[in-house]
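See structure below.
No value in this document is a laboratory result; all are computed from the given coordinates. Not measured: the values here are computed from a predicted model. In this analysis, Cβ positions are derived from the backbone assuming ideal geometry, glycine residues included, and neighbour counts consider all displayed protein chains.
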Amino acid sequence: MNSWAERVERDGVVAIASDLIAVPSPSGEERAVMEFVAGWCAERGLAHQFVAKDPARPNVVVSVGDGDAGPTIVMNGHLDTVPVSDAAAWRTGPYEPTLSDDGTKLYGRGASDMKSSTGVMLYTMNLLKDAPLRGRLQAHVVSDEELSGNFGTIFLMDEIAAGRLPRPDYCLIGEKSDLKVRNAERGIVGFEVTVLGRASHTAAARVSGINAIAKAARAVLALEGDIDRFHPAIGKPVISVNTIRGGVAHNVVPGECVFTIDRRIIPGETTESAHAEIRATLDALATEDPDFRYEIAVDPTGDAIPANITPEDSPLVQAIQAGARSVTGEDPPYFVAWAGATDGRFYRRAGIDTVGYGPGGEHAHGANEAVNVADLVTQARVYAETITRLLGVA
Ligand SMILES: [Zn+2]
């Protein structure tokens, strides 16, 4: 471990994580916590600016180093959280950061997702502000991750594209990854299937009716299940039928039933390949049953995301693997998990090498949300190692 990583102190990491948890910031109400961040940076002489699409939902960009001297690395963390909907189920106040008796866990809303990790990023900015960086280090402290990203990371990417913020060469995402390397994410594509029956009086159900709900039920069961395919950086793809509607009245055989499919795709799969597989399944039903008829709409909401990956030979992947090895003594595994998308996809979409590396925690979005304190210390050390490697600090 190098001397910068050795300087990481547990108490300082816990302090900033706790300070962030103590300022409530459900999505839409991020202003106060961002003002806290600006004040925290000002007290420490860290250059920072508000970058806001909506003044009520600002982002803070923190900078150290010099972009003319080498690459620019960004650490991206969000400070919006889901609201507290089950206060009675919490053993501690959600906005009263509390350490467990043995000091291993920190509890509070956002402890795991992901105020503590964003705190690690701010801590790392302050740690490295006096390091002889050959390049620039920034933190993108963002709003609006839990809802859309439109006021948060997507807006920062727009500002980068417009030349109003520096374009990063590398990006670190701090969402929970159990201290594993997350160099890829599943893509998302939706499908809407309309099963076409023939409406009739119930009394004629066996004669002239074709019950679209009954036909759709067979289709749903045919589609639901494990997809036997695996990517070593991510794991398996996912298919799930998540909404269904059909029928107009108690005494009418339904002529139409519509269901939607959420399909999470891995590298090597595409919207087209997923579409072809779904059609093959449904066409097989139609071959068995001439009364099974359907139409399918691909990506009906227009917000499909491709599977995205930063290659293993990227300098960023190499640096974080080497950094993790020097801190923990072990090769970090890839994050093969049933995990959803992060804001990392927006950086990858812009062609920026991006890796997720964050702590382990529990009960994100639920009661008694907590983060592993030791993981935060390791994360800070690995970040310091990775950044100093990429920015040429001996
Ligand atoms: Zn998150």
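Scanning the chain for helices, which whole DSSP H stretches are 24 Å or more long along the axis (Cα) and average -0.5 or more by Kyte-Doolittle? For the chain, where a helix must reach 24 Å along its axis and average at least -0.5, the hits are 271-288, 373-390. Using just its DSSP H runs of length 4 or more, each adding -39500 (n - 2.57), the chain gives a mean residue ellipticity at 222 nm of -9500 deg cm²/dmol after division by all residues.
Given K105/K180; K105/K236; K53/K180; K53/K115; K115/K236; K105/K129, which pairs have Cα atoms separated by over 24 Å? Going by Cα-Cα distance, K105/K236; K53/K180; K115/K236; K105/K129 fall outside the 24 Å limit. Take the Cα of A69, step 7 Å toward its Cβ, do the same at W338, and the gap between the two points is 4.7 nm. Residues of the range 208-240 falling in the label zone of I296, defined by backbone nitrogen less than 11 Å from a point 7 Å along Cα to beta-carbon, are 223. Taking the Cα centre of the range 1-108 as reference, the dipole from Cβ charges on Lys and Arg (+1) and Asp and Glu (-1) amounts to some 120 debye.
Computed over the chain, relative contact order equals 24 percent, with contacts defined as Cα pairs under 8 Å that lie 6+ residues apart. Taking a point 7 Å out from the Cα of V82 in the direction of its Cβ, the residues of the range 297-340 whose backbone N falls within less than 17 Å of it are 338-340.
Across the range 173-183, coupling constants 3J(HN,Hα) worked out from phi with the 6.51/-1.76/1.60 Karplus curve, θ = phi - 60°, read 10, x, 4, 3, 9, 6, 6, 10, 8, 10, 9 Hz, and Gly and Pro carry x.
Using +1 at the C-beta of Lys and Arg and -1 at the C-beta of Asp and Glu, which of G302, A370, I387 has the Cα lying farthest in the positive direction of the dipole of the range 284-394? Comparing the listed Cα positions along the dipole, I387 ranks first.
In this structure, the amide hydrogen of L99, modeled 1.01 Å from its nitrogen in the peptide plane, lies closer than 5 angstrom to those of Y107, counting only residues at least 5 positions away or on a different chain.
Distant-in-sequence amide contacts of Y294, defined by a placed amide H-H separation under 5 Å and a gap of 5 or more residues or a different chain, comprise L196.
Farthest toward the positive end of the dipole of the range 187-298, out of A286, T271, P237, is the Cα of A286, where the dipole comes from beta carbon charges about the Cα centre.
Between T270 and D130, the contour length at 0.36 nm per residue exceeds the Cα-Cα span by 45.9 nm. Ordered by the count of other Cβ atoms within 10 Å of each Cβ, fewest first, Y123, Y95 give Y95, Y123. Taking amide H atoms as placed 1.01 Å from N in the peptide plane, the amide H of L165 lies under 5 Å from those of I160, each 5 or more residues away in sequence or on another chain. Between E35 and D101, the C-beta separation translates, for a Förster distance of 35 Å, into a calculated FRET efficiency of about 0.60.
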